[in-house]
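Before any comments, here is the structure.
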Amino acid sequence: MNKRALTKCIAIISAVIMTGCSSSNTPAEASGDTLSAEVTTVSETSEETTTEQTSAETTTEETTLASTAEETTTAEETTAETAAESPSDMDIEFFNYKFIEDYPASEIPEDMQEKAVEFLKSSDYYAKSQENIALYESDTDLAKYVENGRIKPMFLDGWQDDFDGDGSEEAFLLVNMPMTYNDSISTERSFLIFLDKNDEMTILDNMTGLYPAVLLDYGEFKHISFGGYGIYGADDHTLLYGVNGEKAEVLYGMRGGFEKFGCFLSAYGWQGTGSTMYFDTEKQQYISITGEPVSLEEFRALDTENITADFFPENEEFIPPVPARRFGNKYYVVIQGIMDSGTVYVYEDGKLSAADGIALRTNSDCYNDSEHSIENIDIDAALENMKAVE
């Protein structure tokens with residue numbers, strides 16, 4: 001994922017958050033079809049007319065049943081055709097990676113801790129903090145960062161490992177220091193510093209209110225995420241990093257969290273943002289799966305037992321233009337609005353049923369171009385062929 005696309009995406013998300021946009025994802029209750037009939041008393045002279053009406057009604061009923069059967073058959077044929085045409089992409093390596101939440105920090109040597117602190121002190125962030133030192137001296141929580149008239153950054157935690165699998169270790173280090181925003185809001189800020197294999201340092205990010213680190217261990221390489229809830233809505237963010245050579249690269253960013261689904265990674269962000277994706281080792285980036293659009297008519301034909309009636313209001317004007325998307329050959333995600341991540345169903349043996357525990361979701365990322373996304377892949381084939389991680 002290139003930085004330009006990621007920056008654009010985060011900027012758009014932040015703009016939406018800052019405008020206070022909100023939407024209800026729950027449609028009005030949908031009622032079943034109601035049939036009404038008028039009971040008419042007729043005389044013997046109208047018997048012929050009644051017979052004709054009954055015959056017409058019978059013909060209509062037969063036509064309706066035939067039409068319904070045809071729609072169901074068409075939907076099943078369409079699904080079968082799509083399944084045959086869906087790309088399997090088995091040239092891609094799929095990994096059953098380890099998803100480690102609240103990943104524990106490493107034992108960081110003191111000289112590395114001191115180097116990280118001194119590096120932060122040489123930055124523009126430190127100079128700005130020093131300008132506001134008077135605000136911290138009188139603050140009960142921040143006064144500990146002031147010593148002899150100077151700001152004293154403090155080392156917090158670090159994660160040291162061979163993240164890109166090249167035989168050399170790198171480190172992600174957190175150093176705390178106070179910062180002031182709009183000349184009024186002072187807060188403790190955690191600065192994320194990357195130490196590459198050549199012992200060079202770079203400031204990657206800064207956060208308030210840290211979330212636990214999450215590690216994705218692919219065996220041959222590792223990805224790690226850091227984030228914080230911030231001091232206001234748009235400041236809340238989480239970034240997923242990988243190491244490529246001498247650089248730490250942002251692979252995905254959002255205001256939200258991650259869930260594992262086999263070899264896939266699903267991101268669930270603020271106001272319905274996020275996607276289901278896999279890591280492409282050749283491109284060295286995450287690829288989002290958009291899913292194939294499914295029309296209301298096609299989906300209803302699959303739902304022969306009408307188990308999803310509550311998702312669709314009587315007034316079809318309130319149903320999204322794409323009410324469902326197909327993932328793989330049998331997974332369907334029902335969508336109720338632009339901020340809905342979707343509800344997953346599986347279509348097997350001519351029947352639609354709820355698919356609990358499957359972290360597939362609609363794709364609302366704003367970089368759905370050919371470089372960063374694919375419409376569909378064979379989900380089951382990928383799960384069956386994913387590479388085990390020791």
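Here are some notes:
- Amide hydrogen neighbours beyond the local backbone of ASN329, cut-off 5 Å, H modeled: ILE379, ASP380
- With all protein chains kept in place, the per residue accessible area of region 277-390 amounts to 45 square angstrom at a probe of 1.4 angstrom.
- Spatially proximal lysines relative to LYS283 (Cα-Cα < 23 Å; intrachain offsets below 8 disregarded): LYS3, LYS8, LYS98, LYS197, LYS222, LYS247, LYS260, LYS387
- Cα shape, region 195-250, gyration tensor, a/c 1.5 rule: oblate
- Unit charges on C-beta of K, R, D, E only; dipole of region 179-229, Debye: 140
- The charge dipole of region 270-314, taken about its Cα centre with unit charges on the Cβ atoms of Lys, Arg (+1), Asp and Glu (-1) only, comes to about 280 debye.
- 3J(HN,Hα) along region 103-108: 5, x, 6, 8, 7, 8 Hz, from the Karplus curve 6.51 cos²θ - 1.76 cosθ + 1.60 with θ = phi - 60°, whole Hz, x for Gly and Pro.
- The Cβ shell under 12 Å around ALA213 holds other residues with a net charge of -3, Lys and Arg each +1, Asp and Glu each -1.
- Table column - 3J(HN,Hα) (Hz), region 118-123, Karplus curve with 6.51, -1.76, 1.60, x for Gly and Pro: 5, 5, 5, 5, 8, 8
- Backbone HN-Hα couplings from phi across region 341-349 [Karplus 6.51/-1.76/1.60, Hz, Gly and Pro as x]: 7, x, 10, 8, 10, 10, 10, 9, 6
- Just the protein heavy atoms count here, and of the accessible area of region 284-364 at 1.4 Å, carbon and sulfur take up 45 percent.
- Its residue count N fixes a reference of 2.2 N^0.38 Å for region 260-390, and the Cα radius of gyration divided by that reference is 1.07.
- Over region 218-265, accessible surface divided per residue gives 31 Å², non-protein components excluded, 1.4 Å probe.
- Under 5 Å, built H, 5+ apart or other chain: amide partners of LEU204: LEU192, ILE193, PHE194
- Applying 1/(1 + (r/R0)^6) with R0 = 56 Å to the Cβ-Cβ distance of VAL322 and SER123 gives a FRET efficiency near 0.75.
- Heavy-atom surface analysis with a 1.4 Å probe gives region 132-195 a carbon and sulfur content of 40 percent of its accessible area.
- The order of the peptides 121-127, 336-342 by mean Cβ neighbours within 10 Å, most packed first, is 336-342, 121-127.
The values are calculated or read from the model by the stated rules, or taken from the named source; none is laboratory data. Bear in mind that the values here come from a model prediction, so they are computed numbers and not experimental data. For neighbour counting, all protein chains shown are included, and Cβ atoms are generated from backbone atoms with ideal geometry for every residue, glycine included. What goes into the accessible areas is simple: the full protein's heavy atoms, side chains included, and nothing from ligands, DNA or RNA. Shrake-Rupley method; radii C 1.70, N 1.55, O 1.52, S 1.80 Å.
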